[in-house]
Amino acid sequence: MRKFCATILFVITFCFGGTTLAEYLIRVDFREARLYLYDDGREVGNFPVALPMVNPKLPIIGIVERVEENPYWAPTKATREYYFKKSGVELPKLIRPGDPRNAMGKRKIRIAFDDAHVNQTIRIHGTNQEESIGRRVSRGCIRMRNDDIKKLSEIIRGKKTVVVFS
């Protein structure tokens, strides 16, 4: 795993024009529905996740832009239409933190990508439906239990962190 982590960090440094390596690596494993956190090639945490219904073109590599606490949720038009078709729920364009309809949960990790084919709205976030963890249910994001995303975000906040979806 150390060699894999070092290779990924080199690729990120090269592709994003960085001069220093990341302090952490997050790897989302689509086969296992788990998120792994590495520090210097050593696994320091792993968490179950909910995945998108449809696999994106893998692998995808990005860098954490920022961690948001108690995020607002701005569901896309397609997501609002999906929710309405599925359950008859009409979502507003912006949903406040604490609203039970807010799918972001307690934290959201925004990721920057340097690849045109990547859906720029992929996020790692908490959820208002923790029973979805371990399943393929999202429309593109990676969902975590709220307690898990809180632990993860407290570790990586303010640190250079690479994210690999594989």
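Nothing in this text is a laboratory measurement; each read-out follows from the coordinates by a stated rule. Values in this document were obtained by computation on a predicted structure and should not be read as measured data. Using ideal geometry, Cβ is built from the backbone for each residue, glycine included, and neighbour counts are taken over all protein chains shown.
Across segment 122-127, coupling constants 3J(HN,Hα) worked out from phi with the 6.51/-1.76/1.60 Karplus curve, θ = phi - 60°, read 5, 10, 10, 8, x, 8 Hz, and Gly and Pro carry x. Within a straight-line Cα-Cα reach of under 28 Å, Lys159 can be paired with the following lysines, leaving aside sequence neighbours fewer than 8 residues apart in one chain: Lys3, Lys57, Lys106, Lys108, Lys150, Lys151. Count neighbours as other Cβ atoms within 10 Å of each site's Cβ, and list the trypsin sites (Lys or Arg not before Pro) in segment 125-166 that are DSSP loop with at most 11 such neighbours. Qualifying residues, ordered by number: none.
Computed from backbone phi with θ = phi - 60° and the Karplus coefficients 6.51, -1.76 and 1.60, the 3J(HN,Hα) list for segment 141-147 is 8, 9, 9, 10, 4, 4, 5 Hz; x is used for glycine and proline.
Each residue of segment 38-50 is assigned a 3J(HN,Hα), and the resulting list reads 10, 10, 6, x, 9, 5, 10, x, 8, 9, x, 9, 9 Hz, derived from the Karplus form 6.51 cos²θ - 1.76 cosθ + 1.60 (θ = phi - 60°), x at Gly and Pro.
With the highest mean first, a sort of the peptides 122-134, 64-76 on other beta-carbon atoms found within 10 angstrom per residue produces 122-134, 64-76.
Amide H contacts under 5 Å for Ile111: Glu65, restricted to partners 5 or more places along the chain or on a different chain, H placed in the peptide plane at 1.01 Å from N. Only aspartates and glutamates eight or more places from Lys93 in sequence, or on another chain, were considered; those with a Cα closer than 17 Å are Glu81.
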